[in-house]
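Contents: one structure, followed by commentary.
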Amino acid sequence: MESFVNSPFLMSLVTVTVLTIVIAITPGLDFMLVTRNSVSHSRIAGIYSALGIGCSLWVHVAYSIAGLAAIISQSVVVFTVIKYLGAGYLIYIGWKTFSASTKINPINLDQRAEVADNSLNRASAFRMEFFCNLLNPKAPIFFLIIFTQIVTPETPLWLQFTYGAIISIVHIIWFSLVAIFLSQPTLERKFNLYKVKLEKGIGVLLIGFGLKMASANQ
């Protein structure tokens, strides 16, 4: 144990943890989608969205350990395919959010939560975030940084999987907290008053994200 504390691996572990926390809490696409599912549907939908992010990150970890992150991020063809698939998926979700006609009963929030949860079940919430994160072309670049700048040929395989576990768990914890916070009854009542406008605004932003992703250079 003492040898590990004094080893360079401990500093790498701290570096990965701090970098992951910064990336996770920085508002972006995942934050927007968890917000959408938590506010428009339910706390459970938001938490399962967080689980979808965490599981999707393991796919990125797996191909990074296999040494494919560099190929994905540097290959014009692969990068372009991922970019357009991700952009198309975002625009699709954005349009569904924008065009959704949700009627709210401001008196019975428990009933609204149950109806909302039925409209986006746990599997759908999980699947939505899983594929959005998986098809995000920025993800291979993030993992390329970690698995080229931090991971070395001397880094044990178990430690590389530990990095992956840290990345996944930090994201699950953070976005679960976001879902729990945004679905507080007090905030929920306030969101209820502007729900239609909020959904349309999020829909426009998601479509904008998709268009920006599609037009971005590698």
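Some notes on this structure:
- Residue-by-residue Karplus 3J(HN,Hα) for the range 80-95, coefficients 6.51, -1.76, 1.60, Hz, glycine and proline x: 5, 4, 4, 4, 6, 5, x, 5, x, 5, 5, 4, 4, 5, x, 5
- Vicinal HN-Hα couplings computed from phi for the range 143-154 (Karplus, 6.51 cos²θ - 1.76 cosθ + 1.60; Hz; Gly/Pro x): 6, 5, 4, 5, 8, 10, 8, 9, 7, 10, x, 8
- In loop segments of the range 143-218 as defined by DSSP, the GluC sites (Glu not before Pro) with at most 11 further C-beta atoms inside 10 Å of their C-beta are Glu154.
- Judged by the mean number of other Cβ atoms found within 10 Å, the most tightly packed of the peptides 46-56, 15-25 leads the ranking 46-56, 15-25.
- Per-q log10 I(q)/I(0), the range 43-215, q = 0.09 Å⁻¹ (Debye; single scatterer per alpha-carbon; no solvent): -0.38
- Projected label points at Trp58 and Ile21, each 7 Å from Cα along the beta carbon direction, are separated by 2.5 nanometres.
- Karplus-derived 3J(HN,Hα), 6.51/-1.76/1.60, for each residue of the range 17-26, Hz, glycine and proline x: 5, 5, 4, 5, 4, 4, 5, 5, 7, 6
- For Asn121, distant residues with modelled amide H under 5 Å away: none
- Efficiency of FRET from Cβ geometry, Leu10 and Thr80, R₀ 35 Å, rounded to 0.05: 0.35
- Structural descriptor for the range 43-215: relative contact order 52 percent, calculated from alpha carbon pairs under 8 angstrom and at least 6 residues apart.
Computed from the coordinates by the stated procedures, all read-outs in this text should not be read as laboratory data. Every value quoted in this text rests on a predicted model; they were computed, and no experiment measured them. Ideal geometry is used to build each Cβ from the backbone, glycine not excepted, and the neighbour counts take in all protein chains shown.
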